[in-house]
Amino acid sequence: MFKNIQKYLLINHPLLWNLKIVPVSAFLILFNIIFILLGYLNGAIDFTETDNDYSRNDNDDIIIFFSVMISILTAIVWLVYYLKNNALKSYYPKNNFSLFKEWLLILVVCFLNSSLIMAYLYGKDLKVRSYYTESEAKKRCEILSQGSFFVSGSYSYHYNGDNYEGDAMIEAANYDVDTATAVVDSVKIKDHFFYRGRKYSNFSLLDKNINSYSFFGYNEDSLRKMKIKDWLFYNKKDSVKSLFKNYLAIVKEHKLKANIDEDKWTELVYDYPKFEKYKNIGAEEFEVSYDYENEIRRNQIDTSEQYVKKVKDTYYLYNKYYVPENSLKHSYETISNSWTKPSVSIDTILLLLYIAIGFSLVLFSFRVTSGRNFLIAIVALGVVNILIGILTAIISSEYFYLAALLLLTIILFVYLILVIHRKKGKGISGITLNATLWLLPSFGPIVYAIVLELAKSTTNYYEIIDIGLRNEKFPFISFLKDYAYELLWFNVLFIFLMMIFFS
């Protein structure tokens with residue numbers, strides 16, 4: 001089949017024939033599909049695993065290794081056939097856009113050849129997402145987040161030496177070291193806090209923290225935590241018990257172990273109105289006790305909640321009451337991230353596109369010049385980079401290197417324009433064309449970085465600490481920072497336009 005197609009292309013579309021675009025594209029598309037399937041088969045979640053106890057999937061390393069090998073071998077075989085014939089050296093007639101079309105086709109092959117790893121990761125994301133729809137996964141994560149409030153964990157006020165550190169610690173983290181130290185020192189020793197005018201102990205159940213998932217932001221977590229506190233404050237025991245029932249239904253669905261039901265859980269933690277007399281519900285059945293003797297000596301083990309069991313030479317700390325919170329947190333974080341922070345996103349595609357553009361420009365420059373010019377350009381550009389690096393170290397300016405590369409790109413481009421305008425010989429344009437094409441993708445980001453730094457350094461931007469005031473006083477800088485991602489896409493458009501010009 002491919003032989004007949006190639007014969008037809010040789011007669012009717014010689015560019016497609018020479019690029020071997022049909023067989024190489026079919027081969028790469030097939031392998032991308034295979035790697036998606038491999039990712040799907042290896043993306044299953046083991047709901048019994050936790051952050052501290054999970055099996056590393058060695059298949060990932062093996063599959064990624066083979067994907068790289070397949071990409072390299074495919075590139076080598078394709079280039080052997082593609083570089084056999086060069087229409088430019090054979091003075092084959094070409095129209096104005098034929099070279100641009102050739103570069104686009106090279107770019108397609110480079111993109112497909114570089115996407116095998118991405119295809120595998122996308123398959124894994126597909127498998128994780130197949131468990132639940134986004135709305136269902138979000139609903140379950142909300143239940144688990146609420147349930148974590150009633151499981152052993154951290155408090156908003158942590159006892160640390162001689163003083164309690166509360167929300168002031170979080171606020172202090174937004175300032176410099178000296179200011180943060182001053183805020184920490186100003187925190188008075190407290191053993192209580194107030195909620196809706198009622199006084200509670202720092203270790204009251206109302207002061208518990210909750211686990212968060214990537215579905216939710218800080219404000220959503222705060223509102224959810226307040227909702228639970230209101231249940232306790234207004235004595236809505238039925239709401240708490242209903243939460244436990246929903247939580248344990250998820251536990252049962254995944255066939256995980258919990259030694260309490262919703263009634264026992266409510267009995268153990270519900271102590272209205274102070275919520276000071278409650279039992280800690282373990283986040284797992286047991287954990288290894290690495291410092292058993294010190295834990296006993298410091299009375300860190302509450303025997304009404306935990307006990308120690310020795311198996312061979314290892315001590316294990318068992319919880320008398322537990323739910324599989326650690327397992328659920330680990331598994332549903334994976335599910336949540338597959339929807340909110342997938343391995344393959346538009347950002348990944350943009351990165352892959354830049355990689356493919358880089359490879360395609362290198363190959364294209366070799367195609368339209370010669371091996372001699374190609375090698376001279378590599379050596380010359382390497383020497384210039386070393387000299388610029390030395391000058392950058394001497395001057396001690398982080399932006400001198402970028403400015404020098406920008407100036408070099410402009411000089412090379414101006415030289416090419418002059419050569420084209422004179423129409424009196426190529427000169428060293430073969431060498432300069434190689435270097436210009438290689439520097440082309442970095443032109444936009446370099447201009448962006450230099451303009452942003454100049455805008456900051458020529459104003460009193462760094463003197464203003466308040467971020468809101470900065471954004472208000474320097475809208476141009478805010479625009480550059482807010483739209484950096486969009487400008488990367490604009491740079492891709494710029495590359496395409498420049499390639500039309502060069503072609």
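The values are calculated or read from the model by the stated rules, or taken from the named source; none is laboratory data. What you see is a predicted model, and the numbers here were worked out from it, not measured in a lab. When we count neighbours, we look across all protein chains shown, and the Cβ atoms used for this are built from the backbone with ideal geometry, even at glycine. With ligands, DNA and RNA removed, areas are computed over all heavy atoms of the protein, side chains included. Shrake-Rupley method; radii C 1.70, N 1.55, O 1.52, S 1.80 Å.
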Between residues in region 1-15 that are more than 15 Å from residue 85 (Cβ to Cβ) and residues that are of a type in the set (Ser, Thr, Tyr) and exposed (fewer than 13 other Cβ atoms within 10 Å of the Cβ), which pairs lie under 9 Å by C-beta distance while being six or more apart or on different chains? none
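Within region 458-479, count every residue that is small (Gly, Ala, Ser) and either closer than 19 Å to residue 448 by Cβ or modelled with pLDDT of 80 or more (or both).
Qualifying residue count for the region: 1.
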Looking at (1) open to solvent by 30 Å² or more (accessible area, probe 1.4 Å); (2) at pLDDT 95 or above, which is the one condition that is false for residue 248? (1)
Just to verify a result, which residue in region 335-347, among those that are in contact with a helix residue (DSSP H, G or I) (Cβ under 6 Å, 6 or more places away or on another chain) and hydroxyl-bearing (Ser, Thr, Tyr), is surrounded by the fewest Cβ atoms within 10 Å (Cβ to Cβ)? 343
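In this structure, does residue 455 turn out to be touching a residue at least 40 places away in the same chain (Cβ under 8 Å), open to solvent by less than 70 Å² (accessible area, probe 1.4 Å) and small (Gly, Ala, Ser)?
Here the answer is no, as residue 455 does not meet what is asked.
One line per residue, one yes/no per condition, for (1) open to solvent by 20 Å² or more (accessible area, probe 1.4 Å); (2) at pLDDT 95 or above; (3) within 29 Å of residue 140 (Cα to Cα):
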site: 212; (1), (2), (3): yes, no, yes
site: 243; (1), (2), (3): no, yes, yes
site: 252; (1), (2), (3): yes, yes, yes
site: 271; (1), (2), (3): yes, no, yes
site: 294; (1), (2), (3): yes, no, no
site: 300; (1), (2), (3): yes, no, no
site: 303; (1), (2), (3): yes, no, no
site: 311; (1), (2), (3): yes, no, no
site: 315; (1), (2), (3): yes, no, no
Matching residues, region 214-241, being open to solvent by 20 Å² or more (accessible area, probe 1.4 Å) and aliphatic (A, V, I, L, M): 223, 226
Give 112, 28, 73 a once-over and let me know the one that is in a helix (DSSP H, G or I), open to solvent by 90 Å² or more (accessible area, probe 1.4 Å), over 30 Å from residue 325 (Cα atoms) and at pLDDT 85 or above. 73
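Pick from 220, 284, 276: which is under 30 Å from the mean Cα position of the chain (by Cα), of a type in the set (D, E, K, R) and in a loop (DSSP other than H, G, I, E, B)?
284
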Which pairs have Cβ atoms under 9 Å, sit 6 or more apart or on different chains, and link a residue in region 408-429 that is within 21 Å of residue 446 (Cα to Cα) to one that is open to solvent by 90 Å² or more (accessible area, probe 1.4 Å) and not charged (D, E, K, R)? 415/428
Closer than 22 Å to residue 125 by Cα, open to solvent by 40 Å² or more (accessible area, probe 1.4 Å), at pLDDT below 95 and small (Gly, Ala, Ser): does that describe residue 396? no
